[in-house]
Amino acid sequence: MSCPSCGFEYTYEDNGMMVCSACQYSWDPAQLESENKFTVKDANNNILVDGDDVIVIKDLKVKGSSGVIKQGTKVTGIRLIEDAKDGHDIDCKIKDFGQMKLKSEFVKKAN
């Protein structure tokens, strides 16, 4: 089971709680499963949550514009969209472009 905080895959059990060996985050796996069925993961398989900062990992053409969102652009304060029909599961505001939606497969979680 991957860490819900940082997405690190090497975790261990300690007195009924799971502990991440990278960030030392601990959680109750039974409670986590009942609370959060909806998850969005970035290109590196890290779990994203509302308010995270992400970095664009490839140049993205903006539909209806001649502009391009360059690789390495940092996007702050994302909002996740549940049941996104077109795959654009991140709602955000990007400087010089405004409000838009992104696909989580083209971003990575900023540390």
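The values are calculated or read from the model by the stated rules, or taken from the named source; none is laboratory data. Treat the numbers as computed from the prediction; the structure is a model and nothing was measured. Don't worry about glycine lacking a Cβ; one is built from the backbone with ideal geometry, like all the others, and counts go over all protein chains shown. Remember, those area values only see protein heavy atoms, side chains included, never the ligands or the DNA or RNA. Shrake-Rupley method; radii C 1.70, N 1.55, O 1.52, S 1.80 Å.
Amide H to amide H distances under 5 Å link I57 with G72, V107, K108, where only residues 5 or more positions off or on other chains count and H is placed in the peptide plane.
By the rule of a C-alpha distance below 22 Å, with chain neighbours fewer than 8 residues away ignored, the lysines paired with K70 are K41, K58, K61, K93, K95, K101, K103, K108, K109. Once the 1.4 Å probe is applied to the protein heavy atoms, the chain comes out at 66 Å² accessible per residue. Each 5 Å bin from zero up to the one holding the largest Cα-Cα distance in the chain carries the following percent of pairs: 2, 11, 21, 21, 16, 12, 8, 5, 3, 1, 0, 0.
What number, in percent, do you get for the relative contact order of the chain if the mean sequence gap of Cα pairs under 8 Å and at least 6 apart is divided by its residue count? Worked out over the chain, it gives 21 percent.
If only the Cβ of Lys and Arg carry +1 and only the Cβ of Asp and Glu carry -1, the dipole of region 2-111 around its Cα centre is close to 840 debye.
Each stretch of four or more DSSP H residues adds -39500 (n - 2.57); spread over every residue of the chain, this sum gives -1500 deg cm²/dmol at 222 nm. Please report, as a whole percent, how much of the solvent-accessible surface of the chain comes from carbon and sulfur atoms (probe radius 1.4 Å). C and S atoms contribute 44 percent here. Structure remark: mean-square fluctuation, Gaussian network model of the chain, C-alpha springs under 10 Å; the largest value among L48, L80, L60 belongs to L60.
In this structure, the amide hydrogen of L48, modeled 1.01 Å from its nitrogen in the peptide plane, lies closer than 5 angstrom to those of V40, K41, D42, counting only residues at least 5 positions away or on a different chain.
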